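The values are calculated or read from the model by the stated rules, or taken from the named source; none is laboratory data. None of the values given here were measured: they were computed from a predicted structure. Cβ sites come from the backbone with ideal geometry, for glycine too, and all protein chains shown count toward neighbours.
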Amino acid sequence: MHEVRVTAPKGLGPEIARIAIEAGIPSVSVYDVYAYGPNEPKEIVSVEVATPVAKKFIDALVNSPHYDPARMTLTERTLLAILEHGHQDEITQPMIWSPPAVFDTLWQNSHITPAFTARCVIAPAILAYGMLHNSVILIVIALLFTQFLQPVLAVSFGCWAGDGKLVLQGAMAFGISTALAILSGVFVGLLSGGPMLFDDFKPMLVSLLISSAIGVVAGVSSADDVGRNYLVAVAAAAQYAIYPTWFGLSIVTGLPDTHTTWTRIGTFLFNVASISTVALVTYILLGMRRSGLQRYLGKR
């Protein structure tokens, strides 16, 4: 369930309300406000609806001739509940977020902040220690807050949207998280020494199939209200984080034979490519309207 709020120049409120009603929204609120800064009166159009209806309204608005992001502000937020008499089976429908909402969410999760950096250092360090001692509990704890999935999805969605900035940001965030995972593995290896007891690496083909399945779920989940989406990130992290952390540890404790080393590096790269590609295909199959998103991006 989402609230969509549009702040527009005065006089456009009734037209935006008409677009919302035509999108299937039964009740639309329009009220006057005064915007300091530009120092002009504006109107706010607000609706509280099921997620798919919110998507339909946003798609219709950004594709209408009245949409001008230079003069309008469009916000979308998740609601816990809509307390009104109605059909809850319709109000609570979770599918599908609008493309601008997915776009901004992936941007937010791909920024390189102190929290992002801390996760990229501490999670692989715990993972490395768990791999040294083959501790399943520590490995799972580490995978719960690794930062691998969202940057990869940002690359996929950025390619679909035709937005080079998001692709670059996602790739940079992914590269930094990978490098920090290797360094964390080296650091833990220097402190604890070897040998490494963890050796649960799947064959490349099996790993590729698992990554493809995760790519489907990850692509759908990034645009869906249902379920605990962070658990998808845990599954994806198992396909990502173990390999750079293993490599960092192995630099200290000793790399295996050349064939095994290159096989694991190749598996890591194939996992990344698989999840990214399958997520990209999933975004396309979800039926998101790319034209509206590109118009939204082109005028922001």
Against the definition (of a type in the set (Ser, Thr, Tyr), more than 18 Å from PHE103 (Cα to Cα) and in a loop (DSSP other than H, G, I, E, B)), how does SER27 come out, yes or no? yes
When the residues of segment 1-24 are filtered to those that are assigned to a strand (DSSP E or B) and of a type outside the set (Ser, Thr, Tyr), which remaining residue is farthest from the chain's Cα centre (by Cα)? PRO9
Subset of segment 33-63 (residues that are touching a Gly at 6+ places or on another chain (Cβ under 8 Å) and among the acidic types (Asp, Glu)): GLU43, ASP59
Hits in segment 1-42 (condition: farther than 15 Å from THR73 by Cβ and touching a residue at least 60 places away in the same chain (Cβ under 8 Å)): MET1, HIS2
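Among residues belonging to segment 160-178 that are in contact (Cβ under 8 Å) with a residue 24 or more places away in the chain and of a type in the set (A, V, I, L, M), point out the one that is nearest to ASN109 (Cα to Cα).
Let us first name the residues in segment 160-178 that are in contact (Cβ under 8 Å) with a residue 24 or more places away in the chain, namely 160-163, 166, 169-170, 172-174, 176-178.
Of the ones still in play, those that are also of a type in the set (A, V, I, L, M) are 161, 166, 172-173, 176.
Values: ALA161: 17, LEU166: 11, MET172: 12, ALA173: 9, ILE176: 14 Å.
Step by step, filter segment 160-178, then rank; the result is ALA173.
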Suppose the filter is in a helix (DSSP H, G or I) and either surrounded by 14 or more Cβ atoms within 10 Å (Cβ to Cβ) or modelled with pLDDT under 85 (or both); does ALA70 pass it? no
Looking only at segment 37-67, how many residues end up being among the basic types (Lys, Arg) and either at pLDDT below 85 or within 12 Å of ILE16 (Cα to Cα) (or both)? 2
For GLU40, state whether it is out of contact with any Leu (no Cβ under 7 Å at 6 or more places or on another chain), acidic (Asp, Glu), more than 25 Å from PHE103 (Cα to Cα) and loosely packed, with under 13 Cβ neighbours inside 10 Å. yes
Every listed condition ((1) under 10 Å from the mean Cα position of the chain (by Cα); (2) assigned to a helix (DSSP H, G or I); (3) farther than 30 Å from MET196 by Cα) holds for GLN169 save (1)
Looking only at segment 43-67, which residues are more than 10 Å from VAL6 (Cα to Cα) and part of a strand (DSSP E or B)? GLU48, VAL49
Considering ILE112, ILE82, which residue is at pLDDT below 80, assigned to a loop (DSSP other than H, G, I, E, B) and surrounded by 13 or more Cβ atoms within 10 Å (Cβ to Cβ)? ILE82
Could you check LEU143 against (1) buried (at least 16 other Cβ atoms within 10 Å of the Cβ); (2) out of contact with any Phe, Trp or Tyr (no Cβ under 9 Å at 6 or more places or on another chain); (3) under 19 Å from THR267 (Cβ atoms); (4) modelled with pLDDT of 85 or more and say which number it fails? (4)
